[in-house]
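Engineer: Shown below is the structure under consideration.
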Amino acid sequence: MTFALHGIPVSKGIAIGKAVLISRAALEVSHYLVEPGKEEAEAQKLLDAFEQVRQELNQLRKGLPKDAPQEMAAFLDVHGMILADPALAEKPIKLIRSERMNAAWALTTELNDLLEQFADIEDPYLKERASDIRQVAERVVKALNAQKKDSLDSADIMSSGDLGADSIIVAHDIAPHDMLRFKDSAFTGFVTDLGGKTSHTAIVARSMEIPAVVGVRHASEMIRHGDWLVLDGEQGIVVVAPDDNLLEEYRKLQALDLKETRKLKQLKHSKTETADRVEIELFANIELPEDAVQALKLGAVGVGLFRSEFLFMDRKQALPDEEQQFSEYRRVVDLMHGLPVNIRTIDVGADKALGAGGSDVSQTGISPLGLRAIRWSLTEPEIFLTQLRAILRASAYGQARIMIPMLAHAKEIDETFRLIEKAKQQLHQRGQSFNPNIQVGAMIEIPAAALVLPLFINRFDFLSIGTNDLIQYTLAIDRADHAVAHLYDPLHPAILHLLANIIEQAKRANIPIAVCGEMAGDPSLTRLLLGMGLTDFSMHFSQLLLVKREILKANVGLLKSRVPRVLKAYEPEEQAKALERLMA
Ligand code: PEP
Ligand code: MG
């Protein structure tokens, strides 16, 4: 039966393909198709893992101290019984044989089915058994992973060619670093139950130019593995099991979309200036060094934001040391051939967890108001100094610049500069070269910083407005929480006032000012930002040409004369009219 689900469109384009369901904890589990002919060996792996867990449970049972609570033994007995029930392995083995799913994937698929059945049970005792089954299954998955050593790796999902290029990932949620691992996999779109427009997962999807819809509440429950899906990343619609007519319509739209993209590519070589000859600089936001290649190809005049934390977010790896960081930063600097590269120091916390492998540093579950970004770096001076030295060393090879996220207090600024000086001294003592006049910039993304802008103007070489966080903090909306996503509004008069004010003050003081939040890459807002006097935009390279197209058509003089009316409009209707006039 055809039905449609609605969510938040975060990355445009139309994807048509079959659903690949990733279960909740499943990003911890490998997903791949076993090679034809290897099904029986895979089934045996599952049986071996069951046997291993059976032995483990027996040993635990035997080793229970005499004074152990009775419940403990009973608990192990229940787990033993669940494990001994042949039904638990039966279905996964069928899935391995018929669908060629790998063992862990087949088991978690069955587990989800079972848990769903338990969800409808009223009896509290039986309901409780659901968690026993989950725990047993998790033990088996662990045993499977131990067999395969490094198999806790979502990069295995759809290892190339396995599922063809027409697969759409459906998940409850995907962590930003997991998205990055999908970069080389063949899939055409993704749908998640959670997430908001500027959650980091959505940002990564956009940079990968993959149609995506997030915040589709119950998508992972309502869509079944293998369902045909049409995903409209422009409208935020997911059509499940589309009929032939619908499919044909969407295929036509998809073809139009591709044509449009080809046309857009022709703008690559034209100069970026408005119709009234105001020169505009377009920079790129990147998450990985190799993104710089695309950025340059599409005409970016520098990297306005290199989210360096993505180098730190692989949960299984130890944090990269100075040499590793230096080589990554230098790679970007080299790729950009002397153009500026703003390396934003680690911004972890909130929806970005820091890799903890081999270290005791963990950042899971840090609130957006918590120990994030520079706040965290200042509490970990050794990690911060290591990063600063690596950036400084890269500055000997090109225009690497330091950009600091989430500053609000003068004393944070003092401490940051103290550590930058210390990093310079350390390099000096080692005799290593760096640019002693490296530029240091601040992100303006906390309302407090926007309200004391002269402090930032006095202390820094350049400023960049992080609208994603500025909106989050001004409107008190967690940007990754779909429950409040409808309140996340870049056009809220408070935001427009803050933006206009920051840009105006910075321009007057003659300090470079850019916007590097998602607003800069939204072509529907280009005219508004131009009208506020913005000349430096930094966005995902996927948006560069769309924004450029708007710039080429715009008349800044006219737009500037129309912005005051937008700013004076506090009533929604009045604002809509003023904006309509601005866009006309
Ligand atoms: C922002 O907050 O607007 C920004 C660019 O930084 P991030 O999205 O990485 O928090
Ligand atoms: Mg930010």
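Values in this text are rule-based calculations from the coordinates and carry no lab data. Computed from a prediction, not measured in an experiment: that's the story for all the values here. All Cβ positions, even for glycine, are placed from backbone atoms using ideal geometry, and neighbour counts span all protein chains on display.
Engineer: Would you work out which of S542, S464, P9 lies farthest towards the positive end of the dipole of the chain? Charges go on Cβ: Lys and Arg +1, Asp and Glu -1.
Structural biologist: S464
Engineer: Another question, if that's okay. List the residues whose amide H sits under 5 Å from the amide H of M403, counting only those 5 or more places along or on another chain, with H placed 1.01 Å from N in the peptide plane.
Structural biologist: So M403 has HN proximity to I343, R344, T345, G441.
Engineer: Restricting to Cα atoms and excluding each atom paired with itself, what does the Kirkwood estimate give for the chain in Å?
Structural biologist: About 26.0 Å for the chain.
Engineer: Quick one: net charge of R54's neighbours, Cβ under 12 Å, K/R +1, D/E -1?
Structural biologist: My count for the surroundings of R54 gives -2.
Engineer: Search the structure for amide H atoms under 5 Å from the amide H of A514, placed 1.01 Å from N in the peptide plane, and list their residues when 5 or more places away or on another chain.
Structural biologist: Hits under the 5 Å cutoff: L463, S464, I465.
Engineer: Can you give me the angle between helix 86-99 and the longest principal axis of the chain, using Cα atoms only, in degrees from 0 to 90, rounded to the nearest 10?
Structural biologist: Helix 86-99 sits roughly 60 degrees off the main axis of the chain.
Engineer: Give, to the nearest whole percent, the P(r) tail of region 437-584 beyond 28 angstrom, counting all Cα pairs.
Structural biologist: Tail of the P(r) past 28 Å holds 16 percent of the pairs.
Engineer: Further, regarding this structure: Mind listing the phi-derived Karplus ³J(HN,Hα) values for region 567-584, rounded to whole Hz, using 6.51, -1.76 and 1.60 with θ = phi - 60°, and x for any glycine or proline?
Structural biologist: Each residue's phi maps through the Karplus curve to give 5, 7, 8, 9, 7, x, 5, 5, 5, 4, 5, 5, 5, 4, 5, 5, 7, 5 Hz.
Engineer: Would you compute, from DSSP H runs of 4+ residues alone, the mean residue ellipticity of the chain at 222 nm, taking -39500 (n - 2.57) per run and dividing by the full residue count, rounded to the nearest 500?
Structural biologist: Value at 222 nm, helices only, nearest 500: -15000 deg cm²/dmol.
Engineer: Does region 233-355 come out rounded, prolate or oblate, given a ≥ b ≥ c as the square roots of the eigenvalues of its C-alpha gyration tensor, rounded meaning a/c under 1.5 and, failing that, prolate meaning a/b above b/c?
Structural biologist: Verdict is oblate for region 233-355.
Engineer: Note down the net charge around E234, summing +1 for each Lys or Arg and -1 for each Asp or Glu among other residues with Cβ under 12 Å from its Cβ.
Structural biologist: Net local charge, E234 excluded: -2.
Engineer: How big, on average over all directions, is the shadow cast by the Cα convex hull of region 196-245, in nm²?
Structural biologist: Hull-based average projected area comes out at 4.1 nm².
Engineer: With +1 assigned to the C-beta of every Lys and Arg and -1 to the C-beta of every Asp and Glu, and no other charges, what is the dipole magnitude of region 81-126 about the Cα centre in debye, to the nearest 20?
Structural biologist: Value, rounded to 20: 420 debye.
Engineer: I would also like to ask the following. In whole Å, how far is the Cα centre of region 410-457 from that of region 196-214?
Structural biologist: Value for the Cα centre distance between the two parts: 31 Å.
Engineer: For the chain, what is the charge dipole size about the Cα centre, in debye to the nearest 20, if Lys and Arg each add +1 at the Cβ and Asp and Glu each add -1 at the Cβ?
Structural biologist: 2280 debye
Engineer: What is the helix-to-structure angle for 70-84, meaning the angle in degrees between its Cα long axis and the longest Cα principal axis of the chain, kept from 0 to 90 and rounded to the nearest 10?
Structural biologist: Compared with the principal axis, the helix lies near 90 degrees.
Engineer: Give me the net charge of L83's neighbourhood, meaning all other residues with Cβ under 14 Å from the Cβ of L83; Lys, Arg count +1, Asp, Glu -1.
Structural biologist: -3
Engineer: Further, regarding this structure: Could you sort 388-396, 261-269 so that the peptide with the highest average Cβ count within 10 Å comes first and the rest follow in order?
Structural biologist: Peptide ranking by packing, descending: 388-396, 261-269.
Engineer: Now for a different question. Rounded to the nearest 10 degrees, what's the angle between the helix 244-265 long axis and the longest principal axis of the chain, both from Cα atoms, 0 to 90?
Structural biologist: Between helix and principal axis, roughly 40 degrees.
Engineer: Please name which of H225, G195, P242 has its Cα lying farthest along the dipole of region 180-315 towards the positive end, using unit charges on Cβ (Lys, Arg +1; Asp, Glu -1) and the Cα centre as origin.
Structural biologist: G195
Engineer: Rounded to the nearest 20 Debye, what is the dipole magnitude of region 183-239 about its Cα centre when Lys and Arg each give +1 and Asp and Glu each give -1 at the C-beta?
Structural biologist: 140 debye
Engineer: Any idea which of N145, I383, F326 is furthest toward the positive side of the dipole for the chain, if Lys and Arg beta-carbons carry +1 and Asp and Glu beta-carbons -1?
Structural biologist: Farthest along the dipole direction, towards plus: F326.
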